[in-house]
Every structure is written in C-alpha cells, then in structure tokens.
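Report on one structure; see the data block that follows.
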Amino acid sequence: MFLSLRHLELGKIAFDQRFSAADLPFDEPGIEIPAGVHAVGEAELASVHTGEIRLHGQIEATGKAVCDRCVEPIEIPLSGPFRVSYEPRENEASAEEVELSEKDVEVGYYEGDGLELADVVREQVLLALPMQKLCRPDCQGICPTCGINRNEASCQCTVQQVDERWAALKSLKQ
Ligand SMILES: [Zn+2]
Ligand SMILES: [Zn+2]
C-alpha cells in the first residue's frame, strides 16, 4: 500500500493490512514470521509545509526462532503499538532540530512522493526484535560436554569438571 502525498493532502488514510513474510523481507538471521504481520492504523500529513507524514497504529506478529542457549523452538511476540514520523529526505539536514523537539517520536525519511506502508511495518518489526532470543530469561542452555538440555535434565559433566580442577589444585599443593 503506497501512501502518496497527493492522497494524504486530501485527508487521513486508514489502513488495515496483512503482509506475508514475502512482503516484508528482512535479513535477520534465525527469525521467521511465517504467519506474516497485521498492521492497523492511520497515516496523516502533519504539515503540508514540511511534508511530514505521521503514522500511528498497531502491529501484530509472532516470530519463530530457536532459543539462543538451548536451541528449542520458541515464539517471540512482536506485537505492539507504534507512532512514527517521516520527513522528506531533503529535510534531513535539520534532523537534529526535529529530534530535539519530538524526542518521543521516531523520525524516518522518505524519498519521492510518498511512503510505502510495507517499509514502515518492516521497520517496526525490526525494532520489536529482541537482542537475545531466549525460551525464558533463566534458560540453562545445553551442556557443552554431553549436549543435554539443562532445563529438562541435569548431568554430571559440570560436577566432574570442577572435581578435576580441585584435583589439579590439590596435586599442586602437595
Ligand atoms: Zn532455552
Ligand atoms: Zn553434560
């Protein structure tokens, strides 16, 4: 869906769009959004003078990945509200001013006579991605020695390693 300046000049544009994973290609390794993204919201031309386009709404999506520590499949909720502002690329020089006056609103840039909604949605999805993908904050991961999932079972590997170190220390002392 293309949000053209010409249409925005006539009034707000409401959107309620579903994007498939293929509509929103992003090279974030290890995470997929097989069910796509649903975006609902509204776009408006905030100022005819500056060409600033504001959007607000909600994205709904679920990412599929594997836990960084234990490699079990996990679902990552990527849903949430968004509020963004886009200015014409040629305004970029005065970007600092804008950021100071509107700290609560993210500012992006568009080129030409409008904005592709898919680009906005993709950016919101990227922002929603977590730094770490974990099945739970205290995931114990996989034992590097025997490969057991430490969330599900315990092994003796760590204990043995500690024992060996103690044994080495003891032998040094003697
Ligand atoms: Zn895990
Ligand atoms: Zn082990």
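Here are the numbers for this structure:
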| item | result |
| --- | --- |
| Restricting region 1-91 to trypsin sites (Lys or Arg not before Pro) in coil, as DSSP defines it, with at most 16 other Cβ within 10 Å | 12 |
| Surrounding net charge for residue 117, when Lys and Arg each add one and Asp and Glu each subtract one, Cβ distance under 14 Å | -3 |
| Net +/- balance of residues flanking residue 35 in space, Cβ distance below 13 Å, scoring K and R +1, D and E -1 | -2 |
| Stretchable slack from residue 152 to residue 131, in nm (0.36 nm times residue separation minus alpha-carbon distance) | 5.1 nm |
| Sequence-distant residues sharing a close amide H with residue 68 (under 5 Å, placed H) | 133, 134, 135 |
| Computed label-point distance, nm, for sites residue 4 and residue 22 using a 7 Å Cα→Cβ extension | 2.6 |
| Gain upon complete extension [residue 106, residue 140; 0.36 nm per residue less C-alpha separation] | 8.6 nm |
| Region 1-156 - accessible surface per residue (Å², probe 1.4 Å) | 60 |
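The values are calculated or read from the model by the stated rules, or taken from the named source; none is laboratory data. Keep in mind that this is a model prediction, so the values were computed, not measured. Glycine gets a Cβ as well: all are built from the backbone with ideal geometry, and neighbour counts include every protein chain shown. All accessible areas refer to the heavy atoms of the entire protein, side chains included, with ligands and DNA or RNA removed. Shrake-Rupley method; radii C 1.70, N 1.55, O 1.52, S 1.80 Å.
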